[in-house]
Number of protein chains: 6
Amino acid sequence: MTGGPAVVRHIVRADSALVEELSKAGAATVHEAAWRTGLLAPNLRPIYPGARVAGTAVTVLCPAGDNLMIHLAIELCRPGDVLVVALASECTDGLVGELIATSLRAHGVRGVVVDAGVRDVAELRRMDFPVWSRAVSAQGTTKRAAGWVNVPVVCGGQLVQPGAVVVADDDGVVCVPAELAPEVAKRCRARVEREHAMRERLVGGELSADINDLRAVARELGVEYVDGSGPDD
Amino acid sequence: MTGGPAVVRHIVRADSALVEELSKAGAATVHEAAWRTGLLAPNLRPIYPGARVAGTAVTVLCPAGDNLMIHLAIELCRPGDVLVVALASECTDGLVGELIATSLRAHGVRGVVVDAGVRDVAELRRMDFPVWSRAVSAQGTTKRAAGWVNVPVVCGGQLVQPGAVVVADDDGVVCVPAELAPEVAKRCRARVEREHAMRERLVGGELSADINDLRAVARELGVEYVDGSGPDD
Amino acid sequence: MTGGPAVVRHIVRADSALVEELSKAGAATVHEAAWRTGLLAPNLRPIYPGARVAGTAVTVLCPAGDNLMIHLAIELCRPGDVLVVALASECTDGLVGELIATSLRAHGVRGVVVDAGVRDVAELRRMDFPVWSRAVSAQGTTKRAAGWVNVPVVCGGQLVQPGAVVVADDDGVVCVPAELAPEVAKRCRARVEREHAMRERLVGGELSADINDLRAVARELGVEYVDGSGPDD
Amino acid sequence: MTGGPAVVRHIVRADSALVEELSKAGAATVHEAAWRTGLLAPNLRPIYPGARVAGTAVTVLCPAGDNLMIHLAIELCRPGDVLVVALASECTDGLVGELIATSLRAHGVRGVVVDAGVRDVAELRRMDFPVWSRAVSAQGTTKRAAGWVNVPVVCGGQLVQPGAVVVADDDGVVCVPAELAPEVAKRCRARVEREHAMRERLVGGELSADINDLRAVARELGVEYVDGSGPDD
Amino acid sequence: MTGGPAVVRHIVRADSALVEELSKAGAATVHEAAWRTGLLAPNLRPIYPGARVAGTAVTVLCPAGDNLMIHLAIELCRPGDVLVVALASECTDGLVGELIATSLRAHGVRGVVVDAGVRDVAELRRMDFPVWSRAVSAQGTTKRAAGWVNVPVVCGGQLVQPGAVVVADDDGVVCVPAELAPEVAKRCRARVEREHAMRERLVGGELSADINDLRAVARELGVEYVDGSGPDD
Amino acid sequence: MTGGPAVVRHIVRADSALVEELSKAGAATVHEAAWRTGLLAPNLRPIYPGARVAGTAVTVLCPAGDNLMIHLAIELCRPGDVLVVALASECTDGLVGELIATSLRAHGVRGVVVDAGVRDVAELRRMDFPVWSRAVSAQGTTKRAAGWVNVPVVCGGQLVQPGAVVVADDDGVVCVPAELAPEVAKRCRARVEREHAMRERLVGGELSADINDLRAVARELGVEYVDGSGPDD
């Protein structure tokens, strides 16, 4: 945090090759690979099914009911960015709409994550401009309150650093600090392979209880097997 | 309010030409034009994407868990109406379903806004009968409790007068009192033009921060620009 | 309840012919026929529109943040089952994902109801494997906490017995104890007929207020009819 | 509603004798006497137990995150008023605190109802200045956004007219339009007498089921009495 | 469940000596001793601090907005009972107030747990009649809808059997089926002793990490100890 | 963030004199002085009125339903610390109770902020050990899941750095990074003086609208003054 309200002009962005790699893995796998951290709260939902985006975070912190700082952030965005909008307190107003999306797209921004409301969702769907938000709301906002651009913010209950990798899809939004991205990418690759092997075995009817010896875990925890009243199979 | 439970037979409806005009503007624009008033709470969502309706309000106030008054309201509906159902207290039960929708359609009603639950949503989608509700719920209701028809009600946290204009789409539901509709329609036209001009400029890469001189606003509010640790672009 | 943590191996399942019959009626009708009982809370939503399933319940009770017991339940599932996962306390973590769904499908399970989160929803949609959940969340879980399989559980605020009939569609999830299924099925048939007759009359413009003599009910409750200020029609 | 943002200077207040009478009855009885209308949502809670106030409403409508209009409302308050603050959209920020309360008290205001947050609650308790709010929150607000004073507002899901009677206590907040206050007061007196008589009988062990013949109601609704497995008493 | 709406007259109650024993242990300890089951949802809160009660459950299931079945349940209550009121769907209306409490007390009932609202809380506090509820609300209800008395119900997300032990205090409400009460009571005694010994050691400055060897657990889970940037102590 | 699960042994704590100074100002004033940042979400409430604490943060991040990391954190606490417990995902389980509080007190910890549930609240009140939590819940937890101690965490929607100043009272919890504490303390002093002067004037009947020239602000925003239908005063 910088003390008083501020706009930070230059940020260090995560490597774009890593962004692409994490993008392919998807939010759920990235979250697992990142030691189960970084997942934004599940009330942040995409405005249409199949929305999918990855990029580097430009962060904004707005007071409830005002989107001035979003307008100031646009010129700091670069192609490949995702705008991440945090709120100082709980708010469902429509801080982002079609006009802002149009401007963001003109500057190469791939999508928006906003811990408040979004409006003009039919137009955004037509534009294929993905937004993850906690509400759809036409509620208008003012442009008169101070905030921050490109400082660490809390969005959806998670810390998002400017320049961090953001991966968002139907499963939600996950954020990985730039400095951890290389290791997380490596762990993603390993995880995808393990899951592929596991999937094959499960399709064939094997049980995860056998593969991972989970009945032993249960036994140790005191779980008992009892017969019940049903028929033998 | 009329004192005790009552059904009001004859109401003054907003002008149908104004309804059509506001309908074209859409909920978000109408809300902005109406001095940012009249937007129902964002937890009232359409049951399918792309739902869109406008009409004049026939209002109903039901106690939690009972839809008797909806049944009594149907005969007071006229072609072009939208039924707006308010609840005396918080409720998610399915007060409206396919049978009521069938009857409403037979009397020319264009859609329903209900501050509770709706059921039979697959059938309603097939019928292309739009409903905005706070929940989808099959929970059945009784038909045994007194309420009101065609009095001012509070639905989604907004006052809805009988005969008011209701505009509902993917962005939510907005309500405009009949007597304000002419001015709101005029303001809508102006707004649509302004937004059109703005859109053109934003597509071309101009910044709202420049167009609206927002950096000056920020400066006045004490927002500082700092360089940050990233590279110059 | 069995006392300490336990897995019950053999359960008595509802008759599959009754399952199919209730399936055709749909969740809303089954709930009405079951004396308006058994409907799970409306925050349990399908992960895609049009999802529809019916089957016999295999029940699981997990502590918040752990899905060990789901893994142990899979081998107890039989073709035609629906897995019903209850939580010991409020939780939105993604207890179920594509790997578990793959394994469940390999054992004939038709779908899942989980009073927590689900992940990999794009893959589940592609697999056409329906899940009803209170959240979509990629949040990972541990496999280290004791719970129960095939005991009576509370899911979505309703008691679900192992072997009970589960009917789930766009309107939500309803559960009918095996021993009540025959009577509920009979009542469903009667209800469907009554609704069919009613629908015909409503399409023709008749009013439920006339058909069911609801104005008399209203009068008895003290509802008054007043003229209002609008024009005569 | 007046169209654009406005402050209405002169309002018609309910009769102060009626205010005192309704005050004695308490919120629950007034709500019942008012045909079960006018009760604000139960998430509006007093900041300390035993808080109790009645007065005439001065109404304010603020956009989320801004309390400018509260400051403008103070000079319009008269001794015996209760300030009722509505929000244009969902908000928990602390719009009211000790300084505003100090100023309100200096102008004779008896308490505040605010559909957002309140702060300085320890000081307010010491001042014995009652506030009903949906949150306690120190979150600061701006003083830069237009709104309304003394127009009809929706607070806690209920319409509140300027000058209406507000009765608030541990059970919540109820609002009665000035023109209905005489009849509601009369109905209150009748209700208090009936309840007094009922209380006497219940203390003596009589049953409401007998007094109100509720077993007959149940029978008509198809409720069956069955013996159960317990011992005869 | 009995099929259609019903009142069950005679139930088997848990042993009163066990009730007293569990009462002394308190809700948190009973819940732990009962294998961490039976705790009602934490949104059920006592209406005043220090409320504390234990007894045998008389259960009621009401439709939203109606309390007819509570009135019918009173005559089935016996001294030492606690009334447990479940709702068929989400509801915050004030189903229980001072008059019902007066009648319940006249029949020996010790308190109420209601998965909806309660009113007249100032009077209930004066009567020292404890109620646990999800809301305080003066919202009135009808007495016209069918339900159930003394069947298994779901209250606060937990199954409550008629006759079960209910223990409620500042920590919430826990329910133990009559047949498990003896074993739970035994486990409570053991737990209280263990906790007493543990408390002594913790007061003396010992660490649970040492006593329970939790650093080894952490190590096994891959938790690393790192030095950090602070000074050595 | 450190990558995988970790316990950080040594942290830099804010200066204790600054802690005391901020403590005297209280949460609301500190939040204002800190440019309106750092206020944790208002659903974190004290377990008893009048609770008040300030200290330096020892931070913990637990997965839902598990408190292993709290046990590991205790030995890293120093007199004057406040334990701040964040959760990886939404959870209301009782992660903290009387035994943990006893141990924390034995090591000089002044209080706890936990973004989940707390139990044994009657005992905690007797101990005068203050806790701010989002729920009171006896729900037991496991001690088997990896997490973090003394890394930056998000609690109540705000970033909390290890060693930061935590100020908590009836108005909520506010957190100030150690490096900003000196400036925030200075700004607190100025603010307290300004508020003192303001209070004097308001007690005397002056209006904030006059003192801060707010009618001019309103005029600029287009707020109109209209007469209304009431009598002149």
- Message: So, in the range D:65-86, how many residues would count as being without any contact (Cβ under 8 Å) to a residue 40 or more places away in the chain and either within 14 Å of chain A (Cβ to nearest Cβ) or among the aliphatic types (A, V, I, L, M) (or both)?
- Response: 3
- Could you give every pair whose Cβ atoms fall below 7 Å, whose first residue belongs to the range C:186-212 and is on the phi > 0 side of the Ramachandran plot, and whose second residue is aliphatic (A, V, I, L, M), counting only separations of at least 6 or pairs across chains? C:Gly205/B:Ala106
- A:Glu193 versus (1) surrounded by 14 or more Cβ atoms within 10 Å (Cβ to Cβ); (2) more than 10 Å from chain C (Cβ to nearest Cβ); (3) more than 23 Å from A:Asp81 (Cβ to Cβ): which is the lone unmet condition? (1)
- Message: Looking only at residues that are open to solvent by 40 Å² or more (accessible area, probe 1.4 Å) and part of a helix (DSSP H, G or I) in the range C:199-216, which one is farthest from C:Arg13 (Cα to Cα)?
- Response: C:Arg215
- Are any residues in the range C:119-141 in contact with a Gly (Cβ under 6 Å, 6 or more places away or on another chain) and of a type in the set (Val, Ile, Thr), and if so, which ones? C:Thr141
- Which of the residues belonging to the range E:1-20 are in contact (Cβ under 8 Å) with a residue 60 or more places away in the chain and under 18 Å from the mean Cα position of the chain (by Cα)? E:Arg13, E:Ala14, E:Asp15, E:Ser16, E:Leu18, E:Val19
- Item | Enumeration of residues in the range F:91-116 that are within 8 Å of another protein chain (Cβ to nearest Cβ) and assigned to a strand (DSSP E or B) | F:Cys91, F:Gly94
- Every residue from the range D:106-136 that is within 20 Å of D:Ala14 (Cα to Cα) and surrounded by fewer than 24 Cβ atoms within 10 Å (Cβ to Cβ): D:His107, D:Gly108, D:Arg110
- Message: For the range E:140-190, give me each residue that is open to solvent by 10 Å² or more (accessible area, probe 1.4 Å) and among the aliphatic types (A, V, I, L, M).
- Response: E:Ala146, E:Val154, E:Leu159, E:Ala178, E:Leu180, E:Ala190
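Looking at this structure, is A:Ser229 surrounded by fewer than 17 Cβ atoms within 10 Å (Cβ to Cβ), polar (S, T, N, Q), more than 25 Å from F:Ala41 (Cβ to Cβ) and free of Cβ contacts under 8 Å to residues at least 12 places away in the same chain? Please lay out each step first, then the result.
Numbers: surrounded by fewer than 17 Cβ atoms within 10 Å (Cβ to Cβ): yes; polar (S, T, N, Q): yes; more than 25 Å from F:Ala41 (Cβ to Cβ): yes; free of Cβ contacts under 8 Å to residues at least 12 places away in the same chain: yes.
Spelling it out, A:Ser229 is indeed surrounded by fewer than 17 Cβ atoms within 10 Å (Cβ to Cβ), polar (S, T, N, Q), more than 25 Å from F:Ala41 (Cβ to Cβ) and free of Cβ contacts under 8 Å to residues at least 12 places away in the same chain.
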- Scanning the range E:46-64 residue by residue, the ones that are in contact (Cβ under 8 Å) with a residue 60 or more places away in the chain, among the hydrophobic types (A, V, I, L, M, F, W, C) and either within 9 Å of another protein chain (Cβ to nearest Cβ) or open to solvent by 10 Å² or more (accessible area, probe 1.4 Å) (or both) total 3
- Query: Any idea how many residues of the range F:2-45 are within 12 Å of chain E (Cβ to nearest Cβ) and not polar (S, T, N, Q)?
  - Reply: 13
- Quickly run through the range C:217-226 and pick out the residues that are open to solvent by less than 40 Å² (accessible area, probe 1.4 Å) and more than 9 Å from every other protein chain (Cβ to nearest Cβ). none
- Name every residue in the range F:64-91 that is under 19 Å from the mean Cα position of the chain (by Cα), closer than 21 Å to F:Ala146 by Cβ and not small (Gly, Ala, Ser), in order of residue number. F:Ile70, F:Cys77, F:Leu83, F:Val84, F:Val85, F:Leu87, F:Glu90, F:Cys91
- Message: So, in the range E:87-133, how many residues would count as being among the polar types (S, T, N, Q) and touching a residue at least 60 places away in the same chain (Cβ under 8 Å)?
- Response: 1
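The values are calculated or read from the model by the stated rules, or taken from the named source; none is laboratory data. Please read these numbers as outputs of a predicted model, since none were measured by experiment. All Cβ positions, glycine included, derive from the backbone under ideal geometry; neighbour counts span all protein chains shown. Accessible surface is based on the protein model in full, side chains and every heavy atom, while ligands, DNA and RNA are left aside. Shrake-Rupley method; radii C 1.70, N 1.55, O 1.52, S 1.80 Å.
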